[in-house]
Structure formats: C-alpha cells, structure tokens
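The values are calculated or read from the model by the stated rules, or taken from the named source; none is laboratory data. Bear in mind the structure is a predicted one, so any value in this text is a computation, not a measurement. Note: ideal-geometry Cβ built from the backbone for every residue, glycine included; neighbour counts use all protein chains shown. Ligands, DNA and RNA are stripped out before the accessible areas are found, and what is left, the full protein with its side chains, is counted by its heavy atoms. Shrake-Rupley method; radii C 1.70, N 1.55, O 1.52, S 1.80 Å.
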Amino acid sequence: MEVNQAKQEHLLALKGLHMEISGKFPTLCNPNPNVYLMRLTKPTLFTNMPVTCEDRDLPGDLFGRLMKEDPSTIRGAEALMLGELLTLPQNFGNIFLGETFSSYISVHNDSSQVVKDILVKADLQTSSQRLNLSASNNAVTELKPDSCIDDVIHHEVKEIGTHILVCAVSYTTQAGEKLYFRKFFKFQVLKPLDVKTKFYNAESDLSSVTDEVFLEAQIQNITTSSMFMEKVSLESSMMYNVAELNTVETEDEGTSTFGKMSYLQPMDTRQYLYCLKPKPEFAEKAGVIKGVTVIGKLDIVWKTNLGERGRLQTSQLQRMAPGYGDVRLSLEMIPDTVNLEEPFDITCKITNCSERTMDLVLEMCNTCSIHWCGVSGRQLGKVSPSASLALPLKLLSSVQGLQSISGLRLTDTFLKRTYEYDDIAQVCVVCPYMSRES
C-alpha cells in the first residue's frame with residue numbers, strides 16, 4: 001500500500017500537482033477498502049534566504065561558496081531569493097472564489113479479499129446547494145487486493161463560505177454483506193477581490209449625443225499573492241452600449257493605462273472606467289430609462305502563481321436614473337460664444353415624462369442680463385406621454401462674460417401647474433468692438 005501511494009505521489013508530482021493526504025477512513029469491519037482524499041494544486045517556485053558578508057569579514061567567502069554549491073540557487077545570481085526549483089505545497093492552502101477546486105480521490109483495497117460492486121460518489125455541499133461531482137455513477141464490478149479506484153474531480157467555486165466535500169463508498173463483501181460509509185472534508189472559500197462601483201450621470205446638451213452614464217469600478221486584491229489581471233470587462237444590459245475608457249489610443253494600437261505588465265499586488269487597488277450610452281430605441285422613450293435600471297455586470301479574469309486561472313462575475317449592477325419630474329427640458333443646440341447685444345439662436349427639447357397628456361404654454365421671463373426675443377405666453381399644444389417637441393428660441397445678452405440662461409416657464413393648462421427652468425446652460429458673451437480694436 002505504501003509503495004502504491006508513493007508511486008501515485010511521484011506521478012502527480014511529475015505533472016506539477018500536489019497531493020495532500022487528509023487521512024483514511026477507520027476500518028469498520030474486515031475487509032474494508034480505505035479512501036484517500038487529496039487536493040491537487042500547482043507547485044510554487046522555491047525561495048531561499050541568501051546570507052552574505054564582505055570579504056574582510058570573519059567568514060570570508062564561506063557563505064558565497066555554500067550558496068554556489070546549493071542546487072536551489074540560480075547560477076550566477078546566487079544572492080537572489082528566487083530559485084529555479086519547484087516546491088510542492090506542504091499544507092492545504094487557500095481556496096478563493098472563482099478558482100477551480102481539484103481533488104484526487106483514491107479507494108484502495110488493503111485487504112486480502114476481493115470486494116464487489118464498489119460505488120464511489122463525491123458530493124459538494126455548500127450553504128445553498130448540493131452538487132454531484134462524480135465523473136461516473138456506475139459501480140465497479142470488483143476490486144482485487146492491493147488495487148484501487150481513482151477519480152479526479154473539478155469544480156469552479158461560485159460561493160464563499162463553508163464547503164463540505166462528502167465522499168461516500170458502498171460495496172459488497174465476499175459474504176454478500178452490503179456496507180456503506182462516508183468521509184467529510186470541510187474547507188473554507190475566501191473572497192479574492194473587493195469590488196466597489198460608483199455611477200456618475202452626465203447630461204448632454206447636444207442632440208447627437210445621448211445622456212451618458214459613467215461607471216467607476218474599484219478592484220482591490222485582498223489575497224496574499226500577486227495577480228495578473230487578464231481581463232476586466234463590463235457586459236452591458238440590452239438598454240446600453242458600453243465603451244471602455246481604460247486604454248490610451250496611439251497611432252498603431254491602444255495602450256493600457258496600467259502599462260504592459262498588468263499585475264495587481266496584494267492590497268493594491270485599480271480603478272476601471274466605462275461609459276454607457278442608452279441605445280437610440282430606449283433613449284427616445286423617456287419612461288423606459290426611469291427609476292432603477294440594470295446596467296450590466298463585471299467579468300473579471302485573473303491568473304496567479306503558475307497560471308492558475310480565476311474568474312469572477314458580479315451580480316447585475318443597478319443604478320437609480322435621475323428624475324426629471326413631469327416635464328424635462330434639455331438643450332439640443334447652443335453656441336459656445338456670442339456677441340454682446342446680438343441675438344443668437346438656441347434649440348430646446350421638451351419631453352413629457354409623465355403618464356398623461358399635457359397642454360403646455362411657454363412663458364419667457366427676462367433677467368438682468370438675458371433678454372428673450374419673441375412672444376411670451378404662446379401655446380405649444382398637446383404633448384403625449386413620452387413624446388417630445390423641438391422648440392427654437394431667440395435671445396440676446398446685455399452683459400459681457402459668462403452668462404446663465406434662465407427664465408423659461410412651462411404651464412400645464414390641464415392641472416394649472418407651472419414648471420420653472422433656470423440655469424439651463426451658460427454662454428460666453430464677448431464684445432465684438434473690443435476684438436476689432438485689438
């Protein structure tokens with residue numbers, strides 16, 4: 001039995017895997033097969049602690065000669081802690097959410113008799129469900145002495161907290177007695193990343209660009225080892241188009257803002273930025289993008305140590321859309337700079353965000369610097385729910401500098417309710433005569 005076990009350990013070590021023996025089952029009766037449960041993980045690079053001194057010190061070159069003779073050091077770079085050898089982990093290690101848990105199960109017949117109808121079943125019990133991980137549910141006809149049944153199971157961990165691997169074995173002795181026993185293997189699944197999100201709303205004043213939502217994702221490595229961030233992307237919902245803002249465009253190709261080597265050290269944090277724009281068919285309907293809306297979910301893929309991959313997907317991210325009341329007024333067109341006391345044109349867009357039809361009247365109130373040109377109190381007509389209308393207006397400014405456009409009033413004649421709109425936008429007013437003289 002020890003020889004077979006040594007062969008199995010040697011074979012797995014050559015494959016770059018590690019077996020951790022958690023124990024075997026006590027003998028309930030004779031004969032009874034034993035079960036070995038082992039975790040399979042990648043090896044790690046061997047590290048040593050170099051000890052050096054100056055030539056004039058008492059040891060002289062003794063430490064240097066010892067490090068050169070040490071097979072674990074790198075030739076020509078003996079003072080480096082990192083060596084060329086691989087070492088097999090000596091403990092169970094940590095299992096993180098998103099990684100693949102692999103385990104080696106071996107049922108060995110230590111007795112001198114043949115057992116029959118051996119059925120090995122492996123289940124993983126989590127806080128919310130029980131999963132069957134066995135590759136085959138068929139029973140083995142017989143198991144001769146010093147023979148074994150081997151199975152390797154894999155499972156992508158999708159829950160944090162306590163997990164219990166249950167290995168159940170049923171078999172029949174030569175006397176025809178049916179026996180059954182189980183082994184429980186308990187382990188904890190830890191959280192590898194801390195993900196925080198923030199939303200920023202940006203209203204556009206141009207008709208060619210719809211309202212934008214900026215998502216900032218802060219990702220922190222809360223493990224004790226470095227991570228290679230292979231992919232961090234945002235899978236948007238059907239209502240939005242997404243654009244990543246984590247690259248700098250050059251002549252040939254885009255360069256990541258984090259550099260060529262995308263490593264995330266322990267306890268380090270990175271910020272990823274995404275821009276989401278409502279699709280035209282949804283942006284035109286004011287009532288659709290209202291209240292709580294689903295933005296999408298983050299898909300994060302990383303690698304650790306010798307290429308072990310982990311993947312984590314967040315739940316659907318939600319945001320509270322800004323409220324515009326019953327009537328929304330936005331600017332479709334406005335000049336950046338205008339001349340003093342010269343009329344200029346702007347175009348407003350009025351959207352009915354309520355669930356009822358409105359009959360609107362427009363009133364234009366002058367301020368100390370902004371003067372509206374046109375008839376105040378004119379009828380705009382009826383506006384259906386989610387419908388919009390374009391409203392061209394003309395005005396002028398009597399004061400130089402950066403002036404705020406204010407003084408628009410919309411009155412719903414049905415409910416006798418007035419909606420006031422001030423500080424709609426800002427415009428730079430310059431004096432054309434001064435520029436000519438200069």
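Against the conditions (1) of a type outside the set (Asp, Glu); (2) in a strand (DSSP E or B); (3) open to solvent by 30 Å² or more (accessible area, probe 1.4 Å), Tyr433 satisfies every one except (2). Taking every residue in the range 274-301 that is acidic (Asp, Glu) and pairing it with any residue that is at pLDDT 75 or above, at least 6 positions away or on another chain, the pairs with Cβ-Cβ distances below 7 Å are Asp299/Lys231; Asp299/Ser233; Asp299/Glu235; Asp299/Gln313.
Gln174 meets each of the listed conditions (1) more than 18 Å from Asp123 (Cβ to Cβ); (2) open to solvent by 60 Å² or more (accessible area, probe 1.4 Å); (3) in a strand (DSSP E or B) apart from (3). No other residue among Ser134, Ser106, Ser72 is touching a residue at least 40 places away in the same chain (Cβ under 8 Å), among the small types (Gly, Ala, Ser) and open to solvent by less than 40 Å² (accessible area, probe 1.4 Å) apart from Ser106.
Does Arg378 satisfy being basic (Lys, Arg) and under 38 Å from the mean Cα position of the chain (by Cα)?
no
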